[in-house]
Structure formats: structure tokens, C-alpha cells
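Report on one structure; see the data block that follows.
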């Protein structure tokens with residue numbers, strides 16, 4: 001009898017050991033599958049580089065076909081890609097091309113930084129204080145839908161033709177988007193996170209920093225991305241309308257100069273540069289930030 005009990009106990013212990021070993025192996029396999037993996041270079045080229053490159057080539061081919069087959073036979077309305085390239089190349093040789101870009105990019109990034117410093121605490125206050133949200137929440141939503149160009153005339157009257165006017169227009173265009181993005185992110189924080197934070201003593205500013213902001217990060221990043229788009233559009237509107245020699249020649253001023261000179265090659269040069277800068281900022285700053293947020297939440301497959 002004792003022998004039988006001993007044998008049975010040994011079998012049970014052996015079974016439990018096998019179960020634990022199987023569980024550990026399953027967890028190890030799960031970690032191996034969900035861990036970050038580096039995409040091969042060829043796959044990056046095929047999935048990330050080839051599609052936009054193909055799209056650009058197709059656009060250029062269609063553009064050239066419209067000129068070559070005289071579908072649009074007036075060069076003053078639609079210059080060829082080669083004509084636009086010649087204008088941009090000439091500006092490069094004269095050392096002016098980078099100056100156009102830097103004038104606008106430096107203004108845009110600095111204005112966006114100011115908007116970030118104002119929009120972030122404003123969004124937190126609106127999201128966390130019920131009375132303030134009821135008071136100015138609808139105003140922020142209305143300001144977000146207001147065209148940025150509407151702020152240029154009053155800003156010129158208030159501040160004159162200077163860089164302060166430019167930054168004011170950027171702030172009025174970008175702050176509502178950043179604040180609303182953060183409010184949306186805070187609204188999507190699960191109540192369980194807040195209760196768990198309070199249980200562990202994370203209340204007030206500590207709870208905001210350690211619980212609310214990390215949990216609201218996806219909505220906040222979306223607001224930042226939209227805020228940059230509004231910053232860039234607001235700046236271009238300000239440079240086009242409120243041009244002044246002392247302000248330097250940015251991309252918006254270049255576009256207006258081409259219009260005044262009826263030089264469509266210069267107009268298309270400015271349009272393409274504005275587009276390329278917007279794409280570059282997104283690829284260099286906001287796309288990596290979005291991928292980091294996805295990875296931090298285990299959503300590597302979607303990044």
C-alpha cells in the first residue's frame with residue numbers, strides 16, 4: 001500500500017513538473033514572438049521606400065505627358081518638370097534655396113515649440129477641470145475649425161509686419177489642435193488606471209505625470225501631429241499675405257513672388273518645397289514618435 005502511494009505521489013510530482021516546464025516553454029515562445037524584430041533591409045525597401053517612390057515617378061510621368069502631348073500647351077499655366085528643376089537648381093547654385101527652406105522651417109519649428117508649451121498645460125486643465133472644460137472646450141473646438149488665414153489680418157494690425165506676428169498666427173492655429181488632442185487622449189484613459197494610481201498614492205501632479213499622460217499618449221501624439229500641420233499651414237498663409245523684405249524670403253514669400261512675376265516655374269518650385277518639407281518633418285519626427293508609442297504598447301505589427 002505504501003509502495004502504491006509512493007508511486008502515485010511520484011507520478012503526480014512528475015506531471016506537475018512537466019506542466020510547469022510546458023508553461024515556461026509557452027511563455028518563452030510568446031516572449032520570442034512578441035519581442036521587437038528588425039525588418040530586413042530588402043523588406044524595408046520594398047514596403048517602405050518603393051511605394052512612395054513609384055507614386056512620385058507616376059506623378060512626374062503624368063505631369064510630363066500633359067506638357068509633351070500639349071494637353072496643357074501653355075507653359076505659363078503648367079511648366080514642365082524640367083523647367084521647375086532648372087529654377088530650383090539655379091536657386092541652389094546661387095545659394096538661396098536652403099535660405100528659403102531654413103527661414104520657414106526655423107519659424108515653423110520655433111512657433112510649434114511655443115504652441116506645445118502652451119497647448120499641453122491648457123489641454124490638461126481643460127480635460128481635468130470640469131468647469132473650465134464647459135467654459136472653453138467649445139471655443140477650442142471652434143478655433144480648431146477656423147481657417148488659419150483668418151488670423152493674419154488682425155495679427156498684422158496688432159503687431160505689425162514682424163516675426164512676432166508670424167509666431168502669433170502659428171500659435172492661434174496650433175494650440176487648439178494640441179490641446180484638443182490631449183483632451184481626447186485623457187478622455188480615453190481607462191478609469192481602472194486612475195483608480196490603480198490613486199491606490200498606489202499617485203494623485204495630483206504625480207498622478208498626472210505617471211498615470212494620465214502616459215495613458216493619454218496616443219491621443220496626445222495625434223494632436224501634436226495635427227498641431228504641426230496647422231502650424232505649417234498657418235505660417236505659409238502668414239508668409240504669403242504679410243510679405244515684407246525685412247522678414248526674409250521664406251517658402252510662402254517665394255510662392256507669392258512667383259505669382260507676382262507670373263512665373264509658374266517658381267510657383268511650382270515653392271509648392272513642391274512646401275510639400276517636401278511637410279513630408280520630411282512627418283517622416284523624421286512624427287512617424288518615429290508614433291512607432292515608439294505603438295511599440296511601448298506591444299503593437300509592433302501595426303508600426
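The values are calculated or read from the model by the stated rules, or taken from the named source; none is laboratory data. A quick note: this is a predicted structure, and the numbers were derived from the prediction, not measured. Note that we place each Cβ from the backbone using ideal geometry, even for glycine, and neighbour counts take in every protein chain shown.
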Can you pull out the residues in the range 258-277 that are in contact (Cβ under 8 Å) with a residue 12 or more places away in the chain, more than 28 Å from the chain's Cα centre (by Cα) and more than 15 Å from residue 86 (Cβ to Cβ)? 262
Please verify whether residue 117 is over 17 Å from residue 250 (Cβ atoms) and either part of a helix (DSSP H, G or I) or at pLDDT 90 or above (or both), treating the condition exactly as stated. yes
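Yes/no matrix, rows are residues, columns are (1) outside any helix (DSSP H, G or I); (2) modelled with pLDDT of 90 or more; (3) farther than 23 Å from residue 239 by Cβ; (4) in contact with a helix residue (DSSP H, G or I) (Cβ under 8 Å, 6 or more places away or on another chain):
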position	(1), (2), (3), (4)
257	no, yes, no, yes
267	no, yes, no, yes
271	no, yes, no, yes
275	no, yes, no, no
291	no, no, yes, no
294	no, no, yes, yes
Confirm whether residue 123 is over 22 Å from residue 235 (Cα atoms), in contact with a helix residue (DSSP H, G or I) (Cβ under 9 Å, 6 or more places away or on another chain), buried (at least 22 other Cβ atoms within 10 Å of the Cβ) and at pLDDT below 90. no
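Yes or no, residue by residue, for (1) crowded, with 19+ Cβ neighbours inside 10 Å; (2) out of contact with any helix residue (DSSP H, G or I) (no Cβ under 9 Å at 6 or more places or on another chain); (3) farther than 30 Å from residue 96 by Cβ:
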site	(1), (2), (3)
177	yes, no, yes
187	no, no, yes
214	no, no, yes
227	yes, no, no
230	yes, no, no
236	yes, no, no
246	no, yes, no
252	yes, no, no
When you look at residue 197, is it more than 30 Å from residue 166 (Cα to Cα) and surrounded by 17 or more Cβ atoms within 10 Å (Cβ to Cβ), yes or no? yes
Going by what's in this entry, would residue 149 be described as touching a residue at least 24 places away in the same chain (Cβ under 8 Å), in a helix (DSSP H, G or I), closer than 25 Å to residue 237 by Cα and over 24 Å from the mean Cα position of the chain (by Cα)? no
Can you list residue pairs whose Cβ atoms sit under 9 Å apart, with the first residue in the range 47-65 being closer than 18 Å to residue 275 by Cα and the second being assigned to a helix (DSSP H, G or I)? Count only pairs 6 or more apart in sequence or on different chains. 52/279; 60/81; 63/81
